[in-house]
Amino acid sequence: MRKIVILSLAFYSIQCTNKNGIISSNKVKSIVITFDSAYQHRILPSIEIRNGDSVNQIVRKVNECETELIYFHPTHRLKIAYEDGREKMILCSGSAIKYDGLTYRLKESINEIIGY
């Protein structure tokens, strides 16, 4: 019985981690997208997005994700660079992402979100 209660609490706490979004949208300077699938993007190994509207749209769509246990092989990496020099990395594949050790399901695929 105790294991069930502990597992339920752990699952509930994971479900509640995304109430305010996983990425802080304050002072994001740029997003560098690296394509790990070289066969898909032979010409563009990576791109940098600095346009504020585009950066905010990507962050907003990533923050709409839901926590879900997923096993995947990353095809894209998003490096979020902040004005204060901090950097955060998100691993992506299709509609699955991994950030700070947790996996999430996006409402759209990463290709639809970034437009590539």
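Filtering segment 35-53 to residues that are surrounded by fewer than 17 Cβ atoms within 10 Å (Cβ to Cβ) and either modelled with pLDDT of 95 or more or closer than 14 Å to residue 81 by Cβ (or both) leaves 46, 47, 48, 50, 51, 52. A single member of 18, 56 is under 25 Å from residue 105 (Cβ atoms) and modelled with pLDDT under 90, and it is 18. Taken over segment 60-106, the criterion of being in a loop (DSSP other than H, G, I, E, B), farther than 18 Å from residue 36 by Cα and more than 9 Å from the chain's Cα centre (by Cα) is satisfied by 64, 68, 69, 70, 83, 84, 85, 86, 100, 101.
The values are calculated or read from the model by the stated rules, or taken from the named source; none is laboratory data. As the structure is a prediction and not an experimental result, all values here were calculated from the model. Virtual Cβ from ideal backbone geometry, glycine too; neighbours counted across all protein chains shown.
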